[in-house]
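Remarks on the structure that follows.
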Amino acid sequence: MVLVFVFGVALLVAVLLSGLAARSVLSTSLLFLVGGALVSDGFLGLIHITPDSDIVRVTADLALFAVLFTDGMHVSFPALRRAWRNPARALGLGMPLAFLGVALLTHFLVGLDWTTSFLVGAVLAPTDPVFASAIVGREEVPARLRQLLNIESGVNDGLALPIVLVLIAAAAPAGHAENVGFAPVAGELLLGLLFGVVLPLLVHRLVRFRLLGAEPRLQPLLPLAVGVILYAACHLTHANPYLAAFSAGAVIAALAPQARDAFEPLGGALAELAKFAALLVFGALLTPRLFGDLSFGGYAVAVLSIVLIRPASLLLSLVGTDFDRKEKLTAAWFGPKGFASVVYGLLVLQAGIPQGEEAFTLIAVTIAFSIVAHSSTDVPIARIFDVEELIGLPDDDRKPQRRPPSSDKEGEMHNGTRTGGHRDRPRAN
């Protein structure tokens, strides 16, 4: 109950300061991270959380699922078909380069063996969709830049997972990796994608029956029900929940844009709550002992992975594109490490590999540095594009337009009162 009280206080402070945070370098994300650290065993000792606590894994897992589910709803398949090359470059070239760069630094500066070093690189390669919200949520920032960052951060979590699992199997002591291999990992990914596509399709079919339909005030709960069922189904069957969440959000946006619009305020609030809870819990792990256990070489890796490896990797992947210099530098900087890396780092710690604790310490410190660096610089960098107002990510390169009412039910996930056009909403820093 102490943890609930601390979360409530932190939430109240964050809400009261959110207006100031949206206009300055103050970060609500950083408030929860620092708040968690202050009440942990390393400082006030009000809450007692260790890396192997279930609450750490569950909150990070829920936060990542919620954020990917809502971010998937911002994907426009027509826009993606027109401009798939830039996200493909970031995922196909930029991400592998970052993976390789972090692994090399880890081996030579920290002294971990090659397998564990590549494992650290795989854990830290994915970027996080949460901490660049002031960039992807501003209309005046070029749409192609917002689309690049949103799709890259939404997809790369699922791409990194099989590499992480295979490397854990390779680093694990003999007899600890029987259930990890290419076939099980591929099956989890395919099953997650299948769930993410099929479940929204089934619900879409159901609501088209004449006797079925959502009352207007309950319409936002329909996508929420899909998300809850999907999350439980993935964990019951060991399907990949992150790929399922992102694909389900994208399918809902394509099939039922008005259902997406009805859910958007509720979904955004729930994703923010999950994010804040995960940040508070993760902050409780950031004790002085954790930072004291990291070597000087480890700190060098943490800093260089943020200020050198990610920027250089993405800049190389964008060579030859029509992004201007300002857009390339912005895209290169926003490579935050977040909840996917937390979840994967916990997998490393719990796998019992010989150098797992050293690897997790490096991963946790890098994530903490990244949250501080990226969540406190998104608003100032966004202002370079002469932006005045926080809004949601539009469906295409144009400003969202109100759709005229239609008499049929095609493209709807409900048959109650219609909700009108896409509504932009503020996104907190």
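Values in this text are rule-based calculations from the coordinates and carry no lab data. All values reported here derive from a predicted model rather than from experimental measurement. Note that each Cβ is placed from the backbone with ideal geometry, even for glycine, and that neighbours are counted across all protein chains shown.
Students often check this: by mean Cβ neighbours within 10 Å, which of 351-360, 117-126 ranks highest, and how do the rest follow?
117-126, 351-360
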Under the Karplus relation with 6.51, -1.76 and 1.60 and θ = phi - 60°, whole-Hz ³J(HN,Hα) for region 35-42, x at Gly and Pro, equal x, x, 5, 5, 8, 7, 4, x
Of region 336-371, those with amide N under 17 Å from the point 7 Å along the Cα→Cβ vector of Leu308 are 366, 370
The ³J(HN,Hα) series, computed from each phi in region 155-169 with the Karplus coefficients 6.51, -1.76 and 1.60 at θ = phi - 60°, rounded to the nearest Hz and given as x for glycine or proline, is 9, 5, 4, x, 5, 6, 4, x, 5, 4, 5, 5, 5, 4, 4
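Evaluate E = 1/(1 + (r/R0)^6) for Phe43 and Ala300, where r is the Cβ-Cβ distance and R0 equals 22 Å; express this FRET efficiency to the nearest 0.05.
Efficiency at R0 = 22 Å is approximately 0.25.
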Checked region 1-115 with the C-alpha gyration tensor, a ≥ b ≥ c its square-rooted eigenvalues, rounded below a/c of 1.5, otherwise prolate if a/b is larger than b/c and oblate if not; verdict oblate
HN-Hα couplings for region 239-249 via Karplus (6.51, -1.76, 1.60; θ = phi - 60°), in whole Hz with x for Gly/Pro, come out as 6, 6, x, 6, 5, 5, 5, 5, 5, 5, x
